[in-house]
Amino acid sequence: MNSHGAPQDPYLVGLDLRGRRVVVVGAGTVVQRRLPVLLAAGADVHVIAPEATPAVESTPGIVWHRREYASGDLLGAWYVLAATNDSVVNAAVVAEAEVQRTFCVRADLAREGTAVTPATVAADGLQVGVLASGDHRRSAAVRDGLRAVLTGESDGAPSNEGRKAGLAGSVALVGGGPGDPDLITVRGRSLLALADVVVADRLAPPRLLAELAPHVEVIDAAKVPYGRAMAQQAINQVLVDRAREGKFVVRLKGGDPYVFGRGFEELEALAAEGIPVTVVPGITSSIAAPSAAGIPVTHRGVTHEFVVVSGHVAPGHPDSLVDWDALGRLRGTVVVLMAVERLAAIADALMAGGRPAETPAAVVENATTGGQRTVRGTLATIAADAAAAEVKPPAVLVVGATAGFTIAADQS
Ligand code: SAH
């Protein structure tokens, strides 16, 4: 490729990137789709870009150098991605990489790089990569077919194009599950593979986006807490506009679309415009996060109820619609989402309502992802315990007897 004359087939290889420096120049949607895969491989990822999409900005585990690329930035890199929207910069990155003999992918002009990213699918402990001489649609289509075979979905059913008929101009609100890309439903995954446009939340499993074909438009609807925001209005409008253009739009959300996901607001907006909508439920973090930490939300003879509560406004706040006194009187499991910044106030409110201070409590952070952590304590201590462990969103608070259970099951 690059300076080596006639194109020949590239050599397909698997890189061991564990602990190895990978430099990514650029921080747009292409990068957003590569980061989860690089991080899953254990790479030491350095992103160089003056600006980043909210999803890149909030990706845990990367080092973001908030500035323009400068020569010398690739020093020590084992692998490089040139993915800015400036072809001059991309060319300079490829050139520097070439000089120091580091393989480099060029996102805008794949043939000009010294490495190419295959279309990949991971299933059942296998990793499959497909290259098709730069024909991205073909490699993606073959990859989709392989995925169907590997996951047992291939049963002589019609091809993608066949299944796609009828979806043009419609929207699917799809629950992406709690984080692990395997925890989306079969229906959600197959609709995702047919999408022309994907509008994704920050909590939508990023690895699902990494598997999309390059021609799929990915729109980042990330609502980073206290950070940059794309108003719900604007999200609704994008869904409407793209569907009107005749596209099949998948609105991919974390967990279940109807559990604190504003899914019904989007349904209303689309219905008002006469746009057909399908809703695909998802595995909600309110059940999966405790489960992933070994905590059943019910248990025979112990807990006959579980309640899922939003902690996004503090108890006592005029906007709060939650009866914390009533929750304090419950004996079962209380699961609180969006509570990390208000753990102390929430624990106090439950105790004020009558829940004993020694009730077991746990906070589960980044459940079902590589970054999963659990902090355990009691209702009296959990806020301080979580603060000491520097727990950050996304995390769920679980309160109740089962939060004290400690036999961990194998989740995989
Ligand atoms: N619709 C989503 C919830 C959206 S509200 C669902 O059904 O799961 C966002 C909150 O969900 C986060 O603040 C956090 O409390 C919780 N959450 C989502 N994903 C999580 C994860 N992987 N681990 C822990 N909590 C998670």
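The values are calculated or read from the model by the stated rules, or taken from the named source; none is laboratory data. Everything numeric here is computed off the predicted structure, so don't read it as measured data. In this analysis, Cβ positions are derived from the backbone assuming ideal geometry, glycine residues included, and neighbour counts consider all displayed protein chains. Calculation scope for accessible area: heavy atoms of the full protein, side chains included, ligands and nucleic acids excluded. Shrake-Rupley method; radii C 1.70, N 1.55, O 1.52, S 1.80 Å.
Enumerate the helices (runs of 4 or more DSSP H) found wholly within the range 205-300, keeping only those where 1 or more residues are more than 16 Å from the ligand (Cβ to nearest atom) and more than 23 Å from residue 398 (Cβ to Cβ). Give the steps one after another, and end with the answer.
Details: elements: 206-210, 232-244, 263-272, 285-292.
Per the criteria, 206-210, 232-244, 263-272.
Please determine, by comparing only the residues of the range 171-181 that are over 12 Å from the mean Cα position of the chain (by Cα) and within 13 Å of the ligand (Cβ to nearest atom), which one is farthest from residue 151 (Cα to Cα).
In the first step, residues of the range 171-181 are kept if they are over 12 Å from the mean Cα position of the chain (by Cα); the result is 171-174.
Going one step further and asking which of them are within 13 Å of the ligand (Cβ to nearest atom), we end up with 173-174.
Values: 173: 22, 174: 19 Å.
Filtering the range 171-181 for residues that are over 12 Å from the mean Cα position of the chain (by Cα) and within 13 Å of the ligand (Cβ to nearest atom), the one farthest from residue 151 (Cα to Cα) comes out as 173.
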Handout entry: Top-ranked residue in the range 379-400 [being open to solvent by 40 Å² or more (accessible area, probe 1.4 Å) and over 23 Å from residue 254 (Cα atoms); ranked as nearest to the chain's Cα centre (by Cα)]
Key = 387
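Look through the range 306-328, keep the residues that are open to solvent by 70 Å² or more (accessible area, probe 1.4 Å) and touching a residue at least 24 places away in the same chain (Cβ under 8 Å), and return whichever of them is farthest from the ligand (Cβ to nearest atom). Step through it out loud before you land on a result.
Applying the first criterion (open to solvent by 70 Å² or more (accessible area, probe 1.4 Å)) to the range 306-328 yields 306, 312, 316-319, 321, 323, 325.
Narrowing the set further to residues that are touching a residue at least 24 places away in the same chain (Cβ under 8 Å) leaves 306, 312, 316, 325.
Values: 306: 14, 312: 8, 316: 20, 325: 22 Å.
Restricting to residues being open to solvent by 70 Å² or more (accessible area, probe 1.4 Å) and touching a residue at least 24 places away in the same chain (Cβ under 8 Å), the top hit is 325.
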Exercise for the section: Scan the range 345-387 residue by residue and report those that are small (Gly, Ala, Ser) and part of a strand (DSSP E or B). Expected result: 361, 362, 377
Handout entry: Condition check for residue 269: surrounded by 23 or more Cβ atoms within 10 Å (Cβ to Cβ) and either touching a Lys or Arg at 6+ places or on another chain (Cβ under 8 Å) or modelled with pLDDT of 90 or more (or both)
Key = no
Handout entry: Single condition residue 230 does not satisfy, out of (1) within 20 Å of the chain's Cα centre (by Cα); (2) modelled with pLDDT of 90 or more; (3) open to solvent by 10 Å² or more (accessible area, probe 1.4 Å)
Key = (2)
Completion exercise
Conditions (1) in contact with a Gly (Cβ under 6 Å, 6 or more places away or on another chain); (2) not assigned by TED's automatic domain parsing to the domain that holds residue 178 -> residue 257 fails only (2)
Completion exercise
Counting only residues in the range 275-294 that are of a type in the set (S, T, N, Q) and touching a strand residue (DSSP E or B) at 6+ places or on another chain (Cβ under 8 Å), the one least open to solvent (accessible area, probe 1.4 Å) is identified as 286
